[in-house]
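Please read the structure below before turning to the comments.
The values are calculated or read from the model by the stated rules, or taken from the named source; none is laboratory data. Please read all numbers here as calculations on a predicted model, not as lab measurements. Don't worry about glycine lacking a Cβ; one is built from the backbone with ideal geometry, like all the others, and counts go over all protein chains shown. Only protein heavy atoms, including side chains, enter the accessible area calculation; ligands, DNA and RNA are left aside. Shrake-Rupley method; radii C 1.70, N 1.55, O 1.52, S 1.80 Å.
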Amino acid sequence: HVDFTYEVMKSLAACEGALLLVDASQGIEAQTVANYYLAIESNLEIIPVINKIDISGVDIENVKKELVDILRFKEQDIILASAKEAIAIDDILERVVNFIPAPSGNEDAPLRALIFDSTFDIYKGVIIYLRIFDGKVSVGQAVKMMHSTKEYKIEEVGVFKPQTEKIESLSCGEVGYITCNIREPAEVIIGDTVTDVKNPTS
């Protein structure tokens, strides 16, 4: 959906690779092409997957041809899958492990984390979604938003599994969330950099 582009852009900023899922019953659509180029512009590795191959009457060969002709994928790289029937799920996960590069970064460097999204919780306040590029964040740490220059103390750190799960810290290359008892969502700017108050990044 065209209104989903911004959500896709935010997610792509926090990772090294992406699965390009194409519905076997619909083939390549305008949004498929748009999301493909968003991933290319973010320098991501892309794994092509044709999903819903279990649906009767789908023209899988034609969808494959579209991926080859329009987006220039090699036919042998396209994975045929069905989430509903659990077909090729292991193949997709193996390809992610073997094809998507591991995150880079230095755990001993000053904290440098990207805010790529946020939500609001009535009890916790703003929940900030972070991708850690260098250093680490821990509960109790004093952090600073580099654009807004505001400082906060981290009250909770967690990851998505896919439900939220509290942990003590996030290290470089990891994605998760922090809360700092921020009550005004406008204080958190998507794209801002979070760093350590005592040992800030340049």
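I want to verify the translational diffusion coefficient of the chain in µm²/s; compute it with Stokes-Einstein, Rh as the Kirkwood radius over Cα pairs, at 25 °C and 0.890 mPa s. This corresponds to a translational diffusion coefficient of 131 µm²/s.
Considering only protein heavy atoms and a 1.4 Å probe, what is the carbon-and-sulfur percentage of the accessible area of region 90-170? Mind showing how you got there, number by number?
Details: 2450 of 4830 Å².
Within region 90-170, the accessible surface is 51 percent carbon and sulfur.
Compute the angle between helix 89-99 and the longest alpha-carbon principal axis of the chain, please, reported from 0 to 90 degrees and rounded to the nearest 10. Helix 89-99 sits at roughly 60 degrees to that axis. Distance from the Cα centroid of region 109-151 to that of region 39-53 is 28 Å (rounded to whole angstrom). Determine, from the Cβ-Cβ distance of Ser25 and Lys161 and an R0 of 25 Å, the FRET efficiency 1/(1 + (r/R0)^6), rounded to the nearest 0.05. Calculated value: 0.20.
If each residue of separation counts as 0.36 nm, what is the full-extension length gain between Asn106 and Tyr37 once their alpha-carbon separation is subtracted? Intermediate results must be reported in sequence, preceding the final value.
Details: separation 69, 0.36 × 69 = 24.84 nm, distance 2.92 nm.
Full extension of this stretch gives 21.9 nm more.
Packing, taken as the mean count of other beta carbons within 10 Å per residue, orders the peptides 93-106, 144-157 from highest to lowest as 144-157, 93-106. The mean sequence separation of alpha-carbon pairs under 8 Å and at least six residues apart, normalised by the residue count of region 152-197, gives a relative contact order of 35 percent.
Compute the length gained on full extension between Val96 and His147: take 0.36 nm times their separation in residues and subtract their Cα-Cα distance, giving the result in nm to one decimal. Spell out each step's value before the answer.
Values: separation 51, 0.36 × 51 = 18.36 nm, distance 3.37 nm.
Separation in residues times 0.36 nm, less the Cα-Cα distance, equals 15.0 nm.
With 27 Å as the limit on Cα-Cα distance, the pairs of Lys52/Lys161; Lys124/Lys198; Lys124/Lys150; Lys10/Lys166; Lys161/Lys198 that go past it are Lys161/Lys198. The residues of the chain have, on average, 57 Å² of accessible surface per residue, using a 1.4 Å probe with all protein chains present.
Per-peptide packing, taken as the mean over residues of other Cβ atoms within 10 Å, places 133-141, 4-12, 70-78 in the sequence 133-141, 4-12, 70-78 from highest down.
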